[in-house]
Amino acid sequence: AELGVERRFVPESCPRAVRPGDFVRYHYLGAFPDGTRFDSSYDRGSTFNVFVGKGQLIAGMDQALVGMCVNERRFVKIPPKLAYGTEGVPGVIPPNAVLHFDVLLIDLWNVEDEVQVQTYFRPEKCPRTVQVSDFVRYHYNGTFLDGTLFDSSHNRMRTYDTYVGIGWLIPGMDQGLLGMCVGEKRIITIPPFLAYGEEGDGKKIPGQASLVFDVVLLDLHNPKDGIAIENQLVPESCERRSQTGDFLRYHYNGTLLDGTLFDSSYSRNHTYDTYVGKGYVIAGMDEGLLGVCTGEKRRIIIPPHLGYGEEGRGKIPGSAVLVFDIHVVDFHNPSDSVSITIHYKPSNCTVLSKKGDYLKYHYNASLLDGTLLDSTHSLGKTYNIVLGSGQVVLGMDMGLQDMCVGERRTVVIPPHLGYGEDGVEGEVPGSAVLVFDIELLELVSGLPEGYMFVWNGEVSPNLFEEIDQNHDGEVLLEEFSEYIQTQVDTGKGKLAPGFDFEKIVKIMFTNQDRDGNGKVTAAEFKLKDQEAKEEHDEL
């Protein structure tokens, strides 16, 4: 005679229960007391959708649904006076029938509902939140109110990318995404009149369905954004800043806005080397690398329209904001020459180094960021060269000019005057600017340019006869070498300093052996000033 309600399953979480005026979606089985089924929503493949407490249901069901939670299951016994009474439903329900309903509540909402947002994770640092007209990339799981999954971007392994607040989304999602931070996770519950309404989407979402989106925001930007620069470390001493046309070497970590690493020069153990401001890199990096100092660390945040755009590249998804944490190792300009800074110059500096001089010096060699490459001090011996003879890189030949013994200077050499684009494998990186701290310890004056041997006094008028010791009219290499050695030992002549004796004597002999037969005759033999005079006379 009375309404009977048995709660057969009640979920642990019940944030909301049915009240009169709510709209509900539920499944049911309808049967008579003897178990004979007279109706079932399951057979129709769709829920029963109705307002509660507005007379759209039999009175007993209107009462039985009040207080139900989503996913709750109730067994309801409805007496005839609260069902179809003495008339019943012809052909379906006889008069004065008691009705049994097995009810499972799937969904409930009210016309006064708004979008509900529950944030369950928010990063400590949130420099920016989603605003109207921003472009966002996010992952989501989409479920109905009973937890049934209808869609997931995770399953597609691709973010959902869209503008916010301009009608590209259902109205409830447009509202629910506003104010989010990158990395934030929130649950957005949307009533159907702010989602797909009475018709649903025609696919997986039925009409009048509340939707629940579990969202994590990965990225956001605005089409009006420029690059953003965060200076992390700027050296106290910054004598020069990069400009358009400079060539930079830098290390970087490249991440997406949510922190996902997509590339790193450190992992390759090689700097990224490029010109700046000439289109060799993405537009945002071209701009972000201007005005940096050697040794500077900065973060460059690049919106996709200044990065890899809608298409992306490799591990970089389309429409992704890029974050580069860079460390500038060095930079130069192709027009740069050698830079010399003198730290100490003796007061009695009268003899200056010049081309052909034999020099002995100590040095410390480093990169522009201070990385030590080499040091003669650690070897315990000087470095010895003939200046201008190509025994060192061109920039060092230039940097050692006009130096006196005891002087200390720093020589900065751009790569085109150093080891170039290739560098020295395992020792000097390609395109590296080199810094040498030099102290000149000894200088032996060289010979005039073009000379390998000079006389300290008058030259004998019978020079060939003196060299030709056996007087056979021919001078062999052994005779020539022995004679030159004697002149040097007695101080009568001087060889160009810094060269191997045998090698330089052989060159001198070959110059005299004009027919290349291994012998020098009196007809072939000429002093250098005689050669110059004859050539002049011929000309």
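A compact table of results
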quantity: When residues of the stretch 267-300 are limited to those that are charged (D, E, K, R) and touching a Lys or Arg at 6+ places or on another chain (Cβ under 8 Å), the one nearest to Asp369 (Cα to Cα); calculated: Asp273
quantity: For Arg44: the one exception among (1) modelled with pLDDT of 95 or more; (2) open to solvent by 50 Å² or more (accessible area, probe 1.4 Å); calculated: (1)
quantity: Selection count, the stretch 369-401, where residues are farther than 19 Å from Val424 by Cβ, open to solvent by less than 70 Å² (accessible area, probe 1.4 Å), part of a loop (DSSP other than H, G, I, E, B) and out of contact with any helix residue (DSSP H, G or I) (no Cβ under 9 Å at 6 or more places or on another chain); calculated: 3
quantity: Subset of the stretch 441-456 (residues that are part of a loop (DSSP other than H, G, I, E, B) and either at pLDDT 85 or above or loosely packed, with under 13 Cβ neighbours inside 10 Å (or both)); calculated: Ser445, Gly446, Leu447, Pro448, Glu449, Gly450, Asn456
quantity: Residues of the stretch 206-226 classified as assigned to a loop (DSSP other than H, G, I, E, B), surrounded by fewer than 19 Cβ atoms within 10 Å (Cβ to Cβ) and touching a strand residue (DSSP E or B) at 6+ places or on another chain (Cβ under 6 Å), total; calculated: 0
quantity: Restricting the stretch 124-166 to residues that are open to solvent by 80 Å² or more (accessible area, probe 1.4 Å), touching a residue at least 12 places away in the same chain (Cβ under 8 Å) and over 13 Å from Met180 (Cα atoms), the residue that is nearest to the chain's Cα centre (by Cα); calculated: Arg158
quantity: Residue count for the stretch 408-422, restricted to those that are over 19 Å from His362 (Cβ atoms) and in contact with a Ser or Thr (Cβ under 7 Å, 6 or more places away or on another chain); calculated: 2
quantity: Lone qualifier among Gly314, Gly291, Gly309, Gly259 - being open to solvent by 20 Å² or more (accessible area, probe 1.4 Å), among the small types (Gly, Ala, Ser) and free of Cβ contacts under 8 Å to residues at least 40 places away in the same chain; calculated: Gly309
quantity: Filter result (part of a strand (DSSP E or B) and open to solvent by 20 Å² or more (accessible area, probe 1.4 Å)) within the stretch 262-288; calculated: Phe262, Asp263, Tyr272, Asp273, Tyr275
quantity: Residues located in the stretch 348-365, provided they are crowded, with 19+ Cβ neighbours inside 10 Å and farther than 12 Å from Leu400 by Cα; calculated: Ala365
quantity: Among (1) buried (at least 16 other Cβ atoms within 10 Å of the Cβ); (2) farther than 29 Å from Val18 by Cα; (3) touching a residue at least 40 places away in the same chain (Cβ under 8 Å) - the single one Pro191 does not satisfy; calculated: (2)
quantity: Failed item, numbered, when Arg241 is tested on (1) open to solvent by 50 Å² or more (accessible area, probe 1.4 Å); (2) outside any loop (DSSP other than H, G, I, E, B); calculated: (2)
quantity: All positions within the stretch 79-115 that are modelled with pLDDT under 95 and crowded, with 19+ Cβ neighbours inside 10 Å; calculated: none
quantity: Cross-chain or 6+ apart pairs with Cβ under 7 Å, the stretch 7-26 first and closer than 21 Å to Glu112 by Cβ, then open to solvent by 20 Å² or more (accessible area, probe 1.4 Å) and of a type in the set (Gly, Ala, Ser); calculated: Ala17/Gly67; Val18/Gly67; Pro20/Gly53; Gly21/Gly53
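This table checks each residue for (1) in a loop (DSSP other than H, G, I, E, B); (2) buried (at least 18 other Cβ atoms within 10 Å of the Cβ); (3) not assigned by the TED database to the domain that holds Tyr483.
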residue: Met403; (1), (2), (3): yes, yes, yes
residue: Gly406; (1), (2), (3): yes, no, yes
residue: Gly420; (1), (2), (3): yes, no, yes
residue: Gly426; (1), (2), (3): yes, no, yes
residue: Glu439; (1), (2), (3): no, yes, yes
residue: Glu458; (1), (2), (3): yes, no, no
residue: Pro461; (1), (2), (3): yes, no, no
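The values are calculated or read from the model by the stated rules, or taken from the named source; none is laboratory data. None of these values were measured; they are calculated from a predicted model. Cβ sites come from the backbone with ideal geometry, for glycine too, and all protein chains shown count toward neighbours. Keep in mind that these areas ignore ligands, DNA and RNA; they rest on the heavy atoms of the full protein, side chains included. Shrake-Rupley method; radii C 1.70, N 1.55, O 1.52, S 1.80 Å.
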